[in-house]
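Read the structure below first, then the notes.
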Amino acid sequence: MTSESLIIIGSGPAGLTAGIYAARAGLSPLVIEGMQSGGQLTETAEVENFPGFAEAVSGLDLMTSMHVQAEKAGVRFAMDAIVSVDFSGPVRRLVGMADVYEARCVIIATGATPRWTGLPGEDTYRYHGISSCAVCDGNFHKGKDVAVIGGGDTALADAIHLAKICRSVTLIHRRDSFRGTKVLLDRVLAASNVKVLTNTQVLSFDGDGKRLESIKLSNGETLSVSGAFVAIGHIPQTDFLKGSIDLDDEGYVRTDGVATNVPGVFVAGDCANPIYKQAVVAASTGAQAAQEAQHYLQGDSMSG
């Protein structure tokens, strides 16, 4: 069993920023990295809106640099994934797949993962033509016809990325307007090989039993594609917290700033934010959570 003053769960922008601030405050934090070191941002080809970079930087490069910075600041890391917690006592207990941890203070920064459609054929062709990561899998469809499903920033960015490498991209959105930002939508509409279908839903994914070949649409069309990229939102990675902390109906952690309903347990990043899925927002809440953790531990040590 590992005993710590501060444990940070998650190694994306929120978790690493929290670690950097906490380490600089002398808290010697332990970051439990989870199943994907660096979080979802490592799958992003180009990040153009993170302050400090005049040119686009890859998500992997950004997170690698942040990881190195955290190590230099004194952050320690554990490759593990937390599966359950007990926040009932003054010492918080975290059960991982590889070890058990105890800490007086915890920052939750576990992020959120892509949401799937649940439509017929999706399970059959997932990773056999259906993907949630255009950056990861787009090159498999170079020079071919693909579809993107969704209407937010992720769907728009995926369509832009795929338009550079695929013969054609069909963007399918069930509503008549897009939730994504105007600058991304303008780029999509300007791309000559991107077709936009609004007020249209996917009915099923079809193929030969081995690979995706087509998509049935609610407008009566059958779209022949080699790949389909699902970009319809995210699911907060908070199942392990159920019963131990207040969550909303969608599973996001309920917060007051970065504080949770459990004293000494704070939250940062996408697992508490259903709206602003941006690296800079996650990083800012990581900094806030680390400072709140510092105040809590200082008060805890003075009272103890």
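Between Lys72 and Asp239, the distance separating the two model label sites (each 7 Å from Cα on the Cα→Cβ line) works out to 3.8 nm. Close amide H partners of Ile235, meaning residues 5 or more places away or on another chain with modelled amide H under 5 Å apart, are Thr113, Arg115. If R0 is taken as 35 Å, the Cβ-Cβ distance between Asp86 and Phe53 corresponds to a FRET efficiency of 0.30.
Near the amide H of Thr2, within less than 5 Å, lie the amide hydrogens of Val100, Tyr101, Glu102, all on another chain or at least 5 residues away, with H placed in the peptide plane.
Neighbour counts of C-beta atoms inside 10 Å place Lys277, Lys195 in the sequence Lys195, Lys277, starting with the fewest.
Rounded, prolate or oblate: which one fits region 1-125, using the alpha carbon gyration tensor with axes a ≥ b ≥ c (rounded when a/c is under 1.5, else prolate when a/b beats b/c, else oblate)? Taking the square roots of the gyration eigenvalues as a ≥ b ≥ c, region 1-125 is oblate.
Here is the short version for the chain: Cys105, Cys166, Cys271 have no other Cys C-beta closer than 4.7 Å. Compared with the alpha-carbon gap, the fully stretched path from Arg187 to Ile165 is longer by 6.4 nm at 0.36 nm per residue.
Largest mean-square fluctuation among Tyr125, Tyr276, Tyr101, in a Gaussian network model of the chain whose springs join Cα atoms under 10 Å apart, belongs to Tyr276. Computed from Cα atoms, the angle from the helix 279-303 axis to the main principal axis of the chain rounds to 20 degrees. Among the listed pairs Lys72/Lys242; Lys142/Lys210; Lys142/Lys216; Lys72/Lys164, which have their C-alpha atoms separated by more than 30 angstrom in this model? Violating the 30 Å limit, Cα to Cα: Lys72/Lys242; Lys72/Lys164. Reducing region 272-302 and region 1-30 to their Cα centroids gives an inter-centroid distance of 11 Å.
The packing ranking of peptides 19-31, 138-150, highest mean first, is 19-31, 138-150, where packing means the average number of other beta carbon atoms within 10 angstrom of each residue. Using the Cβ of Met1 as centre and a radius below 10 Å, the other residues enclosed give a net charge of -1, where K and R count +1 and D and E count -1.
By the helix-only formula, in which each DSSP H run with n ≥ 4 contributes -39500 (n - 2.57) and the sum is divided by residues, the chain has a 222 nm mean residue ellipticity of -8000 deg cm²/dmol.
Residue ranges 152-162, 196-206 sort as 152-162, 196-206 when ordered by packing (mean number of other C-beta atoms within 10 Å per residue, highest first). In this simple spin-label model, placing a label point 7 Å from the Cα along the Cα-to-Cβ direction at both Gln298 and Glu102 gives a separation of 2.6 nm. In a fully extended conformation the segment linking Asp61 and Arg24 would gain 11.1 nm over its present Cα-Cα distance, using 0.36 nm per residue. Taking a straight Cα-Cα cut-off under 14 Å and skipping sequence neighbours fewer than 8 places away in the same chain, the aspartates and glutamates within cross-link reach of Lys144 are Glu213. If you fit an axis through the alpha-carbon atoms of helix 153-163 and take the longest principal axis of the Cα set of the chain, what angle between them do you get, 0 to 90°, nearest 10? Around 50 degrees separate the two axes. Give, as a single signed number, the net charge of other residues whose beta carbon lies under 12 Å from the beta carbon of Ala23, with Lys and Arg counted +1 and Asp and Glu -1. Every neighbour counted, the sum reads +2. Restricting to region 116-230, compute how many DSSP beta bridges are antiparallel as a %, nearest 5. If I count the DSSP bridges inside region 116-230, around 35 percent turn out antiparallel.
Only Cα pairs within less than 10 Å get springs; with that Gaussian network setup on the chain, which residue of Glu122, Glu55, Glu71 has the largest fluctuation? Greatest mean-square fluctuation among the candidates belongs to Glu55. Computed from Cα atoms, the angle from the helix 59-73 axis to the main principal axis of the chain rounds to 10 degrees.
Over region 116-230, what is the relative contact order in percent, taking alpha-carbon pairs closer than 8 angstrom and at least six residues apart? Computed value for region 116-230: 33 percent relative contact order. The distance between label points at Ser177 and His128 comes to 4.1 nm (points 7 Å beyond Cα on the Cα→Cβ vector).
Here Glu221 and Ile275 are evaluated by their C-beta separation; at R0 = 45 Å the FRET efficiency comes out at 0.85. Applying 1/(1 + (r/R0)^6) with R0 = 25 Å to the Cβ-Cβ distance of Asp256 and Thr113, what FRET efficiency is obtained, to the nearest 0.05? Taking R0 as 25 Å, the efficiency between Asp256 and Thr113 is 0.50. Extension gain, Glu46 to Gln291, is 85.2 nm, computed as 0.36 nm per intervening residue step minus the present C-alpha separation.
Report note on the peptides 83-95, 255-267: ranked by the mean count of other C-beta atoms within 10 Å, highest first, their order is 255-267, 83-95. When the chain is treated as a Gaussian network with alpha carbon springs shorter than 10 Å, the biggest mean-square fluctuation among Ser11, Ser132, Ser284 belongs to Ser284. Counting only DSSP beta bridges with both residues in the chain, the antiparallel share comes to about 40 percent.
Computed from the coordinates by the stated procedures, all read-outs in this text should not be read as laboratory data. Note that the structure is predicted; figures quoted are calculated from it, not measured. All Cβ positions, glycine included, derive from the backbone under ideal geometry; neighbour counts span all protein chains shown.
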